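Report on the structure given below.
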Amino acid sequence: MSQTAVPQLAYLGFQLFPPTHPALVPYVRSYWHFRRAAPLVESSEEYMHANGGFGIAFNFGDTLHLDQQALTEPVFLDGTNTRSRKMRFTGQVEQMGVNFYAGGAYPFLALPLAELRNQTALLDVLDRSSLLNLHQRLDDAKSLSVRIRLLEQWLLKRLALGKKRDAIIPASLRILRQRTGEISIPALADDLAISQRQLERLYHTQVGMSPKQYATLVRVNAARLALKQPNHLSNTNLAADLGFYDQSHFIREFSAVVGITPYSYTQRSQKRGS
């Protein structure tokens, strides 16, 4: 079982794992796991940057806080986010979860995803008893490999319900990523031989946000990654390269998604590499 550690989250024992079952690979970006041997005496906050994908999390430790709100349920949703969010950890830290690609959660949740955007409540919209039973089995599991196997078994059962993702979704998302969001939505619809209204409707249901919102996330994430490089372009040049109208448009869009200005983000990244 391969894994990827994230250096700046090493103090939380954070690891990433790829899906193992071929049927899940098109939908699941990764499984993640936090486990800290000693409790956190002082709380810490970490950014969860929006990438357009949903996630499901299982908490086995002390209460977590998302944007200052306590997450009291043991299973919660990281709904398709249109902005970065802050997770606060304290005390005993132990969680695991699944992170779906953009448009990947729909076959498993089988709900109009726009209704769940920026939401955390999951037990009220899916089979509560099934999820709580899965949480208990994961908590009882003796190893991380067993936990991942149990989670994949549950995901495969959900996939077998037969809620299909439209082929337009992965095709259009791929175009938006390849073009770094620099394509008008009418032009995207024309390329896919679909009306803009139909495309918008599909995104509302199966991605959880509009094509324009996803294109903005693609560009802002490209900017965020660029700003972490030691010798990045100036904000003016970076804005032009990524297709923003001008520097003020870039700052406005970046701040709306990340919550801080590009300058503040650069300063923060230089201090702690995140």
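The values are calculated or read from the model by the stated rules, or taken from the named source; none is laboratory data. Because the structure is a prediction, the values reported are computed rather than measured. With ideal geometry, Cβ positions are generated from the backbone for all residues, glycine too; neighbour counts draw on all protein chains shown.
Here residue 85 clears all of (1) modelled with pLDDT of 90 or more; (2) over 22 Å from residue 139 (Cα atoms); (3) surrounded by 15 or more Cβ atoms within 10 Å (Cβ to Cβ) except the condition numbered (1).
When the stretch 236-253 is filtered for residues that are surrounded by fewer than 13 Cβ atoms within 10 Å (Cβ to Cβ) and either in contact with a strand residue (DSSP E or B) (Cβ under 8 Å, 6 or more places away or on another chain) or acidic (Asp, Glu) (or both), only 246 remains.
Residues satisfying the criterion are absent from the stretch 88-95 (criterion: of a type in the set (Ser, Thr, Tyr), under 30 Å from residue 177 (Cα atoms) and either crowded, with 16+ Cβ neighbours inside 10 Å or touching a strand residue (DSSP E or B) at 6+ places or on another chain (Cβ under 7 Å) (or both)).
Restricting 223, 193, 215 to those that are assigned by TED's automatic domain parsing to the domain that holds residue 263, of a type in the set (A, V, I, L, M, F, W, C), over 14 Å from residue 103 (Cβ atoms) and touching a Leu at 6+ places or on another chain (Cβ under 8 Å) reduces the list to 223. From the list 90, 80, the one residue that fits, being β-branched (Val, Ile, Thr), outside any strand (DSSP E or B) and in the same structural domain as residue 9 (by TED's automatic domain parsing), is 80.
Among the candidates 215, 256, which residue alone is loosely packed, with under 14 Cβ neighbours inside 10 Å, within 19 Å of the chain's Cα centre (by Cα) and closer than 20 Å to residue 118 by Cβ? Can you show your working first?
Values: 215 fails: loosely packed, with under 14 Cβ neighbours inside 10 Å.
Going through 215, 256 in turn, the sole match is 256.
In the list 73, 42, which residue meets the criterion of being surrounded by fewer than 17 Cβ atoms within 10 Å (Cβ to Cβ), of a type in the set (Asp, Glu), in contact (Cβ under 8 Å) with a residue 40 or more places away in the chain and out of contact with any Lys or Arg (no Cβ under 8 Å at 6 or more places or on another chain)? Break it down stepwise before answering.
On the way: 73 fails: surrounded by fewer than 17 Cβ atoms within 10 Å (Cβ to Cβ).
On inspection, the qualifying residue turns out to be 42.
If only one of 228, 271 is farther than 30 Å from residue 110 by Cβ and in contact (Cβ under 8 Å) with a residue 40 or more places away in the chain, which one is it?
Working: 271 fails: in contact (Cβ under 8 Å) with a residue 40 or more places away in the chain.
On inspection, the qualifying residue turns out to be 228.
Applying a threshold of 9 Å to beta carbon distances and a minimum spacing of six or more residues, or different chains, the list of pairs starting in the stretch 186-201 at a residue that is of a type in the set (Asp, Glu) and ending at one that is at pLDDT below 95 and part of a loop (DSSP other than H, G, I, E, B) reads 191/183; 200/210. Residue under question is residue 161, and the condition is that it be modelled with pLDDT of 95 or more and either under 18 Å from residue 33 (Cα atoms) or more than 22 Å from the chain's Cα centre (by Cα) (or both); does it hold? Against the criterion (modelled with pLDDT of 95 or more and either under 18 Å from residue 33 (Cα atoms) or more than 22 Å from the chain's Cα centre (by Cα) (or both)), residue 161 does not qualify.
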